[in-house]
Amino acid sequence: MERRKFLKNSALASSLLLVPNFVKALETQPLNTLGYKRLVVVQLSGGNDGLNTIIPHNNDIYYNARPRLAITQNIIKLNDDLGFHPSMAPLRALFDNGELSIINNVGYPNPVRSHFRSMDIWQTASHANEYLQSGWLGRYLDEHGNQPYNAIEIDNQLSLAMKGEHFNGIATNNHNVLYKTSKNPFFKGLSYHFDDKHLSEHNLGYLYRTMIDARSSAKYIYENTKVSLSQQEYPQNAFAKQLKNVAQFINSGLETKVFYTALSGFDTHANQLNTQKRLLTQYSDSISAFVKDLKRNNTFKDTLILTFSEFGRRVQQNAANGTDHGTANNIFVIGKNLKKAGFYNKLASLSDLDDNGDIKYEIDFRAVYKTILNNWMNVSSEGIIMSKHNSLDFI
């Protein structure tokens, strides 16, 4: 069978990416637990404006640079200098409980302002002038994974972050549909008719390993995901649905250590106020419900949530009541056992910007990844994060 025909006829193949050196069916492989800690990644796609997210409410430069865009009312003040956007009230409890660490001025040298290239850099943990074909979480799976469902992305396509050199995660929006598709007669008719020669041949081997991988993973997720574990009410939006699915997987005890989610729409070149207000409301309400769900099921203590965006926005507003692409930004780390909660560091100076009028980065994002791998996932970051950065002390 031609590979093109297989891909065309299989919706499942587009949501499951393969292990190239996989030989035996996954049912025959022994489990090798990766530990109890889980990581949930939230990607704010489009470049969220960090200055209107964590607001320097006592800074005249901020207000002078944004005469029509600065937030002036109902700021949720967290200290004398910084506060939440008014839409982020649900996160105040996490901040007050020591369950949120806000890391300011995160970026990388020689920043790129292209959405696609900057997102590639964040997802692969590469240098700005380096092009990698594997993601940092995919390389984690290469070293420490043994099942494709060790990492699940709640989407129809797998992000580069989740693709390793030898091992990849799974992308699915609906695990029930995934399972039903895997039981399609097309798969059944083919997956039982192969031998060693088929598996060793390049194209046929690719197809048969795809089917073995797909059917086994879909079956495991379907059979081990419990339907009713919590009465937690979630907001009615697509991002909340992603997090509800993640909570269902976590609370079911799946052998999944990485979950990847995304909320898009943050490219606010024009009319930013209403757009960002809506998106930050979705983010905050959904994260709050998600954390409550995990706490009810006693799984929050073993879960860390990382929120990032591919870049921040320009300090100066533009003529369209929006902001253009910037560089350094804030990231959020949410968890029960944070060593340094609240503000990890101060906001960089708004009077000492780079040549393009952007905030200068202070913390390399790869140091954040390294810290999560070393101190949370309890694995060595060597071979996963190639650059040399010291770990931080937020966990």
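The values are calculated or read from the model by the stated rules, or taken from the named source; none is laboratory data. A quick note: this is a predicted structure, and the numbers were derived from the prediction, not measured. All Cβ positions, even for glycine, are placed from backbone atoms using ideal geometry, and neighbour counts span all protein chains on display. Protein only, heavy atoms only, side chains kept; ligands, DNA and RNA dropped before computing areas. Shrake-Rupley method; radii C 1.70, N 1.55, O 1.52, S 1.80 Å.
So here's what we get for this one:
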{"item": "Selected residue (only one of Gly335, Gly326 is out of contact with any Ser or Thr (no Cβ under 6 Å at 6 or more places or on another chain), in contact (Cβ under 8 Å) with a residue 24 or more places away in the chain, more than 29 Å from Pro235 (Cα to Cα) and open to solvent by less than 10 Å² (accessible area, probe 1.4 Å))", "result": "Gly326"}
{"item": "Odd one out for Tyr220, checked against (1) modelled with pLDDT of 90 or more; (2) not in a helix (DSSP H, G or I)", "result": "(2)"}
{"item": "Residues of the stretch 291-329 satisfying the condition of being over 25 Å from Leu94 (Cα atoms) and small (Gly, Ala, Ser)", "result": "Ala319, Ala320, Gly322, Gly326"}
{"item": "Segments classed as helices (runs of 4 or more DSSP H), wholly inside the stretch 36-130, with at least 2 members that are within 20 Å of Leu273 (Cβ to Cβ), of a type outside the set (A, V, I, L, M, F, W, C) and more than 18 Å from the chain's Cα centre (by Cα)", "result": "60-65"}
{"item": "Among the candidates Leu304, Leu279, residue that is among the aliphatic types (A, V, I, L, M) and more than 24 Å from Gly322 (Cα to Cα)", "result": "Leu304"}
{"item": "Residue in the stretch 165-186 that is of a type in the set (Lys, Arg), open to solvent by 40 Å² or more (accessible area, probe 1.4 Å) and either in a helix (DSSP H, G or I) or at pLDDT below 95 (or both) present", "result": "yes"}
{"item": "Selection status of Ser381, surrounded by fewer than 21 Cβ atoms within 10 Å (Cβ to Cβ) and hydroxyl-bearing (Ser, Thr, Tyr)", "result": "no"}
{"item": "Matching entry among Leu280, Leu263 (being buried (at least 24 other Cβ atoms within 10 Å of the Cβ) and on the phi < 0 side of the Ramachandran plot)", "result": "Leu263"}
{"item": "Which listed residue, of Leu34, Leu44, Leu26, is at negative phi and modelled with pLDDT of 95 or more", "result": "Leu44"}
{"item": "Residue in the stretch 299-311 that is more than 24 Å from Phe249 (Cβ to Cβ) and surrounded by fewer than 18 Cβ atoms within 10 Å (Cβ to Cβ) present", "result": "no"}
{"item": "Single residue of Val379, Val333 found to be under 20 Å from Ile121 (Cβ atoms), within 22 Å of the chain's Cα centre (by Cα) and either assigned to a helix (DSSP H, G or I) or not basic (Lys, Arg) (or both)", "result": "Val333"}
